[in-house]
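The block underneath contains the structure these notes are about, expressed in structure tokens.
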Amino acid sequence: MANENTMKEIIALLKHRGFVYPSSEIYGGFGASYDYGPLGCEMINNIKQLWKQDIIREHSQVVETDGAIILNPKTWEASGHLGSGFADSLVECRQCHHRFKTEEVVKSICPDCGGQTTEPRDYNLMMKTFIGPVEDTHNQAYLRPETCQSIFLDFRLVLDSMRMKLPFGIAQIGKSFRNEINPKNFLYRQREFEQMEMEWFTPADEADKWFEYWKERRWNWYLSLGMKKENLRFREVPKEELAHYAKRAVDVDYHFPFGWHEIEGIHNRGDFDLRNHSEHSGRDLSYKNTDQSESYYPHVIETSAGVGRLMLAFICDAYHKIEGGRDSESKREEEIILQLSPKLAPIQVAVFPLMKKPELISLAQNVFQNLSGSLRCQYDETGSIGKRYRRQDEIGTPLAVTIDFDSLTQNDVTIRDRVSMKQVRVKYDSLVEEIKRMLLGGFKNNEN
Ligand code: GAP
């Protein structure tokens, strides 16, 4: 069961095992920024690939773009981000000068030192920069706070160049930036983060149907990757909380150790974006029927998720701590297991020589070469075999292959399963097929 220490343990594990490091750590870190280490890179790549598979490759009507981070600043006038729609209300403590979102403060008392806070004021969340050498308002630009705006700007280019017909989608993965007042909860709320967004363009009278379609599709995606149903819920966003562009929004919430929080938003943006960009740019972003008899602004259903936030949710969901360990050998130890889906796990198969003997090492390296062409593998010869299993359990590796002395004469190896800890002997000839079969079929997200 998660408790108040669970997040601390997870953060320590992710640093220790090379998933996530505090950015600029040697200078004391910087503004809740994080770097992905080698295993973190593998895992976020898996999340992105699996998202692309589900959203783009399995829908003939969804295409991908990769827009610029710094767009023409007029974009943000039309999108409403320069107005009050993208501002947070902020108060500052008169004593310790810490800043808070107004909603985090009760009766004007600073949560950190008990001092009095100032009156609330609006604070725009977009990060500013300057284009060229002169830093004045004419050269001011913004780092995008959401990836989707370039999709709207490119709408006609994609429509015409790809001969798209409604309904269709444009998807994008990329960095977004928000000058969050109070970034917190590790990867959950950062100032620089990656989003995976898909804008589905539809005739207005089909928008509700497509909203339901994408809502269900996204829910099933989480379940297909082993996320526990009891840790997921939909939340209908009340009218007063809706973003300035949204007609309707449903959040996918995850039950983190620090509470229920949004991991993805499904939005009905109506024709807000295409209409506003059309009006501000003077370019026609309407859609004409095939017989050219009717012209209208398509409505937009959006799915929007943060890569880091999803990674944190998948890891929290997979994190198991077993006091006393799982077998007599590791009694009194504490054992950590990440029960990640094999699709998400940074490493799918670990390859070990039982001992550091040249003949075992050479065979194990051969096995590694054979497997690594089609699977994510890690070779490890350091430490006792028990320690090596533990390390792989902690990073979520579903299977470990060990080469022992029998392997030299019998042309087989053992495969050890992370969850059951059972071992089977498998001939080299059928090793790749057998591992793939086990990875696809054998995964269950429970403790034993
Ligand atoms: N285009 C719509 C949009 O950006 P949003 O609800 O503001 O909607 C969508 O953000 C998703 O992006 C969130 O559900 C979350 O997963 C991720 N996200 C937003 N702000 C974030 C932050 N500061 N740090 C990490 N992820 C964030």
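The values are calculated or read from the model by the stated rules, or taken from the named source; none is laboratory data. As the structure is a prediction and not an experimental result, all values here were calculated from the model. Neighbour counts are summed over all protein chains in view; Cβ atoms, including those assigned to glycine, are modelled from backbone coordinates with ideal geometry.
A few points about this structure:
- A search for C-beta distances below 8 Å between a residue of the stretch 278-289 that is touching a residue at least 24 places away in the same chain (Cβ under 8 Å) and any residue that is among the hydrophobic types (A, V, I, L, M, F, W, C) and assigned to a loop (DSSP other than H, G, I, E, B), counting only pairs 6+ apart in sequence or on different chains, returns Y287/L166.
- The condition of being within 14 Å of the ligand (Cβ to nearest atom) and either surrounded by fewer than 19 Cβ atoms within 10 Å (Cβ to Cβ) or assigned to a loop (DSSP other than H, G, I, E, B) (or both) holds for W260.
- Residue within the stretch 414-424 that is under 28 Å from G18 (Cβ atoms), in contact with an Asp or Glu (Cβ under 9 Å, 6 or more places away or on another chain) and of a type in the set (D, E) present: no
- Among (1) in contact with an Asp or Glu (Cβ under 8 Å, 6 or more places away or on another chain); (2) on the phi > 0 side of the Ramachandran plot - the single one G282 does not satisfy: (1)
- Pairs with Cβ under 7 Å, 6+ apart, first in the stretch 14-41 and at pLDDT 95 or above and in a helix (DSSP H, G or I), second among the basic types (K, R) and buried (at least 16 other Cβ atoms within 10 Å of the Cβ): L39/R17
- Members of the stretch 154-174 found to be away from the ligand (no atom under 11 Å from the Cβ) and within 25 Å of the chain's Cα centre (by Cα), listed by number: D154, F168, G169, I170, A171, I173, G174
- Condition check for E334: within 30 Å of W260 (Cα to Cα), free of Cβ contacts under 8 Å to residues at least 40 places away in the same chain and either surrounded by fewer than 16 Cβ atoms within 10 Å (Cβ to Cβ) or charged (D, E, K, R) (or both): yes
- Candidates in the stretch 202-234 are the residues that are over 18 Å from D251 (Cα atoms) and among the acidic types (D, E); of these, the one that is nearest to the chain's Cα centre (by Cα) is E206.
- Cβ-Cβ under 8 Å pairs, at least 6 apart or on other chains, the stretch 56-73 side under 11 Å from Q149 (Cα atoms), far side of a type in the set (F, W, Y) and assigned to a strand (DSSP E or B): I69/F177; I70/Y142; L71/Y142
- Hits in the stretch 319-361 (condition: under 24 Å from E434 (Cα atoms) and within 18 Å of the chain's Cα centre (by Cα)): L338, Q339, L340, S341, P342, K343, L344, A345, P346, I347
- None of H97, H81 is assigned to a loop (DSSP other than H, G, I, E, B) and farther than 22 Å from K184 by Cα except H81.
- Identity of the residue in the stretch 115-149, among the charged types (D, E, K, R) and touching a residue at least 60 places away in the same chain (Cβ under 8 Å), that ends up nearest to the ligand (Cβ to nearest atom): E146
- Of everything in the stretch 178-201 that is more than 15 Å from the chain's Cα centre (by Cα) and more than 9 Å from the ligand (Cβ to nearest atom), the residue that is surrounded by the most Cβ atoms within 10 Å (Cβ to Cβ) is W200.
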